[in-house]
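The values are calculated or read from the model by the stated rules, or taken from the named source; none is laboratory data. Everything numeric here is computed off the predicted structure, so don't read it as measured data. Reconstructed Cβ throughout: ideal geometry from the backbone, glycine too, with neighbour counts over all protein chains shown. Side chains are part of the model used for accessible areas, which takes the heavy atoms of the whole protein and leaves out ligands, DNA and RNA. Shrake-Rupley method; radii C 1.70, N 1.55, O 1.52, S 1.80 Å.
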Amino acid sequence: LDLSDNNITGFVNYNETMKLATRLTKLKLLDLSWNENLGNNIVSIGSEFASLKYLGLADTGLTGQIQLHDIEAMENLEELDLSENSITGFVNYNEIEAMENLEELDLS
């Protein structure tokens, strides 16, 4: 599901977004890149997308230290694109180590 570069600024109703996510159980790709105003709360949707192999969050307005505990629940994730953000680090680096299938992490 490619929603990149669509001027998305957030989710109107977080609970409804989560209900939709639980119906997308076979989704392999979610690209929200280049939606510059999503910010840090976008990371919290990760646990609902366990089937994802690719998650694109490039240039989404992520800043500072971020937590990946919800993304860590994506047990099939192979590629995570966090490029073009202002990330200064991760709250817990063990979360990255726990992502056993992760082959590519882009922080450029």
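Give the number of residues within the range 70-91 that are small (Gly, Ala, Ser) and either open to solvent by 30 Å² or more (accessible area, probe 1.4 Å) or touching a residue at least 40 places away in the same chain (Cβ under 8 Å) (or both).
Of the range 70-91, the ones small (Gly, Ala, Ser) are 73, 83, 86, 89.
From the residues that got through so far, the ones that are either open to solvent by 30 Å² or more (accessible area, probe 1.4 Å) or touching a residue at least 40 places away in the same chain (Cβ under 8 Å) (or both) too are 73, 86.
Within the range 70-91, residues that are small (Gly, Ala, Ser) and either open to solvent by 30 Å² or more (accessible area, probe 1.4 Å) or touching a residue at least 40 places away in the same chain (Cβ under 8 Å) (or both) number 2.
Keeping to the range 55-69, report how many residues are loosely packed, with under 13 Cβ neighbours inside 10 Å and closer than 19 Å to LEU1 by Cα.
Residues of the range 55-69 that are loosely packed, with under 13 Cβ neighbours inside 10 Å, as a first pass: 63-65.
So of that shortlist, the ones also closer than 19 Å to LEU1 by Cα come out as none.
Total meeting the criteria: 0.
Yes or no: the range 40-48 includes at least one residue that is outside any helix (DSSP H, G or I), touching a residue at least 12 places away in the same chain (Cβ under 8 Å) and open to solvent by less than 40 Å² (accessible area, probe 1.4 Å).
Initially, the range 40-48 is screened for residues outside any helix (DSSP H, G or I), giving none.
No, because not a single residue in the range 40-48 is outside any helix (DSSP H, G or I), touching a residue at least 12 places away in the same chain (Cβ under 8 Å) and open to solvent by less than 40 Å² (accessible area, probe 1.4 Å).
Where the second residue is of a type in the set (Phe, Trp, Tyr) and the first is open to solvent by less than 60 Å² (accessible area, probe 1.4 Å) and lies in the range 92-105, which pairs have Cβ atoms under 9 Å and are six or more apart or on separate chains?
Note: pairs meeting the criteria are ILE96/PHE90.
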